[in-house]
Structures are given as C-alpha cells and as structure tokens.
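*Asks:* I have a structure I would like to understand better, so I am pasting it below and will then ask my questions one at a time.
The values are calculated or read from the model by the stated rules, or taken from the named source; none is laboratory data. It should be emphasised that the depicted structure is a prediction, and the values quoted were computed from it without experimental measurement. All Cβ positions, glycine included, derive from the backbone under ideal geometry; neighbour counts span all protein chains shown.
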Amino acid sequence: MPDTLQDGELLAAIDLGSNSFHMVVARYLLGQLRVVDRLRERVRMAEGLDEQGGLSAEARERALDALSRIGERIGSLPSNRVRAVATNSVRRLRTPQAFLLPAETALGHAIEVVSGREEARLIYLGVARGLPPKSKRRLVMDIGGGSTEFIIGEELVPLERESLQMGCIATTRRFFGDGRISAQRWRDASTEIAAELQQFSAAYRALGWQETIGSSGTIKAVGSVLAALKLARGGITDSALAALRERLLQFPTIDAIDLPGLTDERRPVFAGGLLVLDAAFGALGIRRMQVAQTAMREGVLYDMLGRVLQSDPRESSVAAMATRYAVDPDQSARVEATARALFDQVARPWELDEADRQMLAWGARIHELGLTIAHSQYQVHGAYVVEHSDIAGFSQQEQQVLATLVRCQRRSIPKAVISALPERLARQTLRLVLLLRLSVLLHRSHGRNPLPALKLVAGNGTLHLHAPRHWLEQHPLIRADLDTEHEHLVPIGSGLVVEPA
C-alpha cells in the first residue's frame, strides 16, 4: 500500500555534516510541518580525515557517540519517518561502509550518502521553505565543514547547483594548518579560491539573481560578529565583510582570535569560513547577503514530506533521464506493468515494501537507457550512466541500487556487483533484479500483445512461474529463454522453474 501521513505524526531529519550533526523533529499538522525538537552535536568529522580518506579513531568515536544520543531521541519513530543524510566527510572516506555500518547501528536507522549537488538541492529546499514565498531569483550559499554549496533558484526550484571542496574546516587546515595568520597568506589563499570559483562564477553572474541568502554555521557566525561589532545589522554587506577581514588579520594566530560574538566552539574554524565567504563575495560580485535560519536539515524534512505527498523529485528525475536517452516509453511501460504485477505476488514472502516496488518501477522505466550508446552490452552502458550521473532526489546508495537493476537485467549476474551494495540493501536488491529480469525476458519481442495470466511463487531460493501451456507452446523463444534464465540464476543460489498450467 502507498505510504500515507496522518495528522500528528512525527518526522525526523538528521544531517551528518562535516563539522556538526543536526537533528530536527517536526510534527505534521494540517499539511504543514511544525518543529518540536532540535539537537546539535559538534563532531568535527572533517578534522579526523586524512588525505587518503582515513578517519581518526577520535573522530569516529565522536561521531558514533553523537549518533547514539540522536538515536535515543528518535528511537520510537518508524524507519519510514526518519531520514539521515551524510555529506562531504562521509563521501571522502576511503571505505564508507566501514563507518556506515556501526553508524547505522548507533543511530538505529539507515544513513544515506548524498552527492554534492544533491546536498545543494536539499540546502536550497530548506532555505526556500524558511523564507516568505517570492518570485525573485535567489542565490543561496552554504559553507559547511568540508564543502561549500552555491545554488541559484526561483521559489522552490533550484536552477543551478554547484558544490566545491572548500568548507570552513577544510579551508582552515589547508591554508592555516600551523595556526598562523598573515595578510600575505590571506591574499595567496584568496587567489587560489577565486580560481576554483571561476569554473562557474561567470555562468552564475550571467544568469543573475535578485537576492542572496547564506545558511549554516559559518555564515550565522559572521553575521553575529558583524552585529556585535556594529558593522552591519540583519545581514552581511561587502563593506562590513572587508572591515571584518582587516580586523581578523590583526591576530597573528588562530588561537589569538578574539572577536565579540564569536563562540569558543566556532573560533578554530572561523578564519577558513570567513576566507571562503570573502572570496565568494568578490568572485560573484555579492553586495549584500541575508542570513537564513533554516538549512539542509529542513530541506531533508520537506523532501520526506514531498515523497509521501506524491511530489517526489525522483519521479521527475527518472522521467527526464528516460527522455534524455530516448527510452522507448511503450516498451518500458509494458515491462513496468509486468514487474509490478509479479512484485505484488511475491512481496509478502520476500518482505518487500512500497519503496522496493517504486525502485523496481524506476528500474523498468530506464532499463533500456544504454541502447542510446550501443546495443552490445547496453545494460553495462546504462548502469554506468545511472551510477555516475547527478540525479536529483537520489542518494548515492539509491543510485547504486538503480544502477544494479539496470546492470543485471540480462545475461549473467556479476556477484561483485551485488556484493558491492551495502549489506542492508543487497538481499532486497537481488530480489528486485530477479523480478526485473523476468519482466524484461517476457517482453523481449517488444510486441504489443498482452501477456496471459501468470502466477509467480517464491519458493526456498527458487522462483516458480506458472504459465498457460498453450501460450508456452506458441512462444518457443520465450520458453527457451526461461530455461536459460534458470542457468543464469543457479550461480547466485537461485533458480527458475517453469510450470505449464
């Protein structure tokens, strides 16, 4: 059954940032979300990352302890009402699963890893939802611990999204790693950051915007310091930012920084964050920036709400991909209808849910995507495109599952592809693969004639397909393919038995 949301239900979003972990819990009432609880844990994961993607034991322990405390708060919520999203620091890990497995255990819920551009989309959604509705085009900037996102959008729709590796922690370590600050260092660092911003700054300025919004800890901290210094009120201006920069450069070291309105917690990473903000003002020609009170975690909440209320951005993303790669809509519709019908027959014994059903449908809609590239090994080409594209709304794990469906729709099923999936997703993904393969096989001829009534039974490791005898006799090629399919499934510990009815 499709997911439904009742008045009074709670939703929780967790943002595993590079500097802090944030939790927000909201109650759904009369079509709106009302925040009832917040929790912030200072973790500083980015400080524990090395150049090879390793994570220090201290940072790992801080993260797991924080997740345990957050998990205690949301322990009573069902899994479909909690969404935890990890960003830059987890993306950079050499072996993400080595961290995610204990992290998910500590939290008690699955953790999704999102790409930089998906992070940017969620940030924009959170910021836009926290502002009065306007038709003005906005530039939203978010300086995190490990990355900085830049988004141009209108109302709730992002038009352009960029994510760069220049967060407040990463930039402080990169340019002020020994703790010393000087005007020459600042100029050199600004030149390097400006060069990185050049890859999109001209296109952004050509597109244009009417207002600029900044979100998250660094920008809030800058706003607080400027207000305490009486350099600006209610926002950040270019002249106030320049004055703050000169004030900061009077301190010889990070530890010596003493600015009104700056907390002890923010001091160690303030110089790097201010450097990024200062460079962005110059590269993008920003004159004034408002400070938002909402950020990515609110975006995750509203994205969850959209999925339940049938405004899931993943739907439009899959449709756009099918159009871009000229997928045959009639064939994909036939395969999807059969896949859904087979799914419904085995969902209960296989413990598959509505989210699995939707993932199977998306796989069916784009399973022939690779044909645009080449017929030979088209499932391999299609899987590569799915796995390595920026697909709005999908986490990296979801894209990996979708790519696995496309890759394993025909021929042999590489064990390495299945074993590469997170352990919690491997079994259900393999079962979706079996259903998609059978649906694709049954429609191999691309014919318009409807299939007869088919019955699928999930046995102990083996699928039993009951089909009319006369139909099997009239379709010897399909019957031969079904027999060959059994041979493909045996190496993965499964099988297919066709039983004429």
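*Asks:* Name the helices (runs of 4 or more DSSP H) wholly inside the stretch 304-392 in which the number of residues that are touching a strand residue (DSSP E or B) at 6+ places or on another chain (Cβ under 9 Å) and more than 30 Å from residue 10 (Cα to Cα) is 3 or more.
*Replies:* Where helices (runs of 4 or more DSSP H) fall fully within the stretch 304-392 and carry at least 3 residues being touching a strand residue (DSSP E or B) at 6+ places or on another chain (Cβ under 9 Å) and more than 30 Å from residue 10 (Cα to Cα), they are 329-350.
*Asks:* For residue 351, indicate whether it is acidic (Asp, Glu) and buried (at least 20 other Cβ atoms within 10 Å of the Cβ).
*Replies:* no
*Asks:* Please enumerate the residues belonging to the stretch 123-166 that are touching a strand residue (DSSP E or B) at 6+ places or on another chain (Cβ under 6 Å) and outside any strand (DSSP E or B). Talk me through it step by step, then tell me what you get.
*Replies:* Let us first name the residues in the stretch 123-166 that are touching a strand residue (DSSP E or B) at 6+ places or on another chain (Cβ under 6 Å), namely 123-124, 127, 136-142, 147-154, 158-164, 166.
Hits for the stretch 123-166 are 123, 124, 127, 136, 147, 166.
*Asks:* Return yes when residue 49 is outside the structural domain of residue 91 (by TED's automatic domain parsing) and surrounded by 15 or more Cβ atoms within 10 Å (Cβ to Cβ) and no when it is not.
*Replies:* no
*Asks:* Pull up the stretch 212-229, narrow it to residues that are within 16 Å of residue 123 (Cβ to Cβ) and not hydrophobic (A, V, I, L, M, F, W, C), then point me to the one that is surrounded by the fewest Cβ atoms within 10 Å (Cβ to Cβ).
*Replies:* Restricting to residues being within 16 Å of residue 123 (Cβ to Cβ) and not hydrophobic (A, V, I, L, M, F, W, C), the top hit is 220.
*Asks:* Could you tell me how many of the residues in the stretch 71-94 are among the aliphatic types (A, V, I, L, M), crowded, with 20+ Cβ neighbours inside 10 Å and closer than 20 Å to residue 28 by Cβ?
*Replies:* Looking only at that region, the number is 4.
*Asks:* A follow-up question, please. Please indicate, with yes or no, whether at least one residue in the stretch 185-203 is more than 15 Å from residue 150 (Cα to Cα) and not in a helix (DSSP H, G or I).
*Replies:* no
*Asks:* Same structure again: What is the number of the single condition among (1) farther than 27 Å from residue 166 by Cα; (2) assigned to a strand (DSSP E or B); (3) of a type outside the set (A, V, I, L, M, F, W, C) that residue 41 does not meet?
*Replies:* The failed condition is (1).
*Asks:* Among (1) under 23 Å from the mean Cα position of the chain (by Cα); (2) surrounded by fewer than 23 Cβ atoms within 10 Å (Cβ to Cβ); (3) free of Cβ contacts under 8 Å to residues at least 60 places away in the same chain, there is one condition residue 151 misses while meeting the rest; what is its number?
*Replies:* (2)
*Asks:* Could you grab me the full set of residues in the stretch 115-136 that are buried (at least 24 other Cβ atoms within 10 Å of the Cβ) and either among the polar types (S, T, N, Q) or in contact (Cβ under 8 Å) with a residue 60 or more places away in the chain (or both)?
*Replies:* Across the stretch 115-136, the qualifying residues are 118, 119, 121, 122, 123, 124, 125, 126, 127.
*Asks:* State which residue pairs qualify: first residue closer than 19 Å to residue 458 by Cα and in the same structural domain as residue 361 (by TED's automatic domain parsing) and inside the stretch 421-434, second residue part of a helix (DSSP H, G or I) and of a type in the set (Gly, Ala, Ser) in any location, beta carbons under 9 Å apart, and separation of 6 or more residues or different chains.
*Replies:* 426/419; 432/339; 432/363; 433/363
*Asks:* Provide a single number: the residues in the stretch 361-390 that are surrounded by fewer than 23 Cβ atoms within 10 Å (Cβ to Cβ), in contact with a Leu (Cβ under 8 Å, 6 or more places away or on another chain) and touching a residue at least 60 places away in the same chain (Cβ under 8 Å).
*Replies:* Number of matching residues: 1.
*Asks:* Output the residues belonging to the stretch 1-13 that are among the acidic types (Asp, Glu), modelled with pLDDT under 95 and surrounded by 12 or more Cβ atoms within 10 Å (Cβ to Cβ).
*Replies:* 3
*Asks:* Turning to a different aspect of this structure: So which helices (runs of 4 or more DSSP H) are wholly in the stretch 394-495 and hold at least 3 residues that are at negative phi and surrounded by fewer than 19 Cβ atoms within 10 Å (Cβ to Cβ)?
*Replies:* 415-419, 423-442, 469-474, 476-489
*Asks:* Specify the residue that is surrounded by the most Cβ atoms within 10 Å (Cβ to Cβ); the eligible residues are those in the stretch 14-42 that are in contact with a Gly (Cβ under 8 Å, 6 or more places away or on another chain) and not basic (Lys, Arg).
*Replies:* 17
*Asks:* Considering only residues of the stretch 390-403 that are of a type outside the set (A, V, I, L, M) and modelled with pLDDT of 95 or more, which is farthest from residue 424 (Cα to Cα)?
*Replies:* Kept after step one, since they are of a type outside the set (A, V, I, L, M), are these residues of the stretch 390-403: 390, 393-400.
Next, from what is left, pick out any that are modelled with pLDDT of 95 or more: 393-400.
On the way: 393: 20, 394: 17, 395: 15, 396: 14, 397: 11, 398: 12, 399: 15, 400: 13 Å.
The qualifying residue farthest from residue 424 (Cα to Cα) is 393.
*Asks:* Could you list, in sequence order, the residues of the stretch 67-84 that are within 21 Å of the chain's Cα centre (by Cα), closer than 19 Å to residue 42 by Cβ and part of a helix (DSSP H, G or I)?
*Replies:* The answer is 67, 70, 71.
*Asks:* Please verify whether residue 240 is modelled with pLDDT of 95 or more, more than 30 Å from the chain's Cα centre (by Cα), closer than 13 Å to residue 288 by Cα and surrounded by 15 or more Cβ atoms within 10 Å (Cβ to Cβ), treating the condition exactly as stated. Even if it seems obvious, please write down each step before you answer.
*Replies:* Numbers: modelled with pLDDT of 95 or more: yes; more than 30 Å from the chain's Cα centre (by Cα): yes; closer than 13 Å to residue 288 by Cα: yes; surrounded by 15 or more Cβ atoms within 10 Å (Cβ to Cβ): yes.
Yes; evaluated as a whole, the condition is true for this residue.
*Asks:* When the stretch 266-299 is examined, which residues are found to be of a type in the set (Asp, Glu) and at positive phi?
*Replies:* Applying the first criterion (of a type in the set (Asp, Glu)) to the stretch 266-299 yields 278, 298.
Once the filter is applied, which keeps residues that are of a type in the set (Asp, Glu) and at positive phi, the stretch 266-299 yields nothing.
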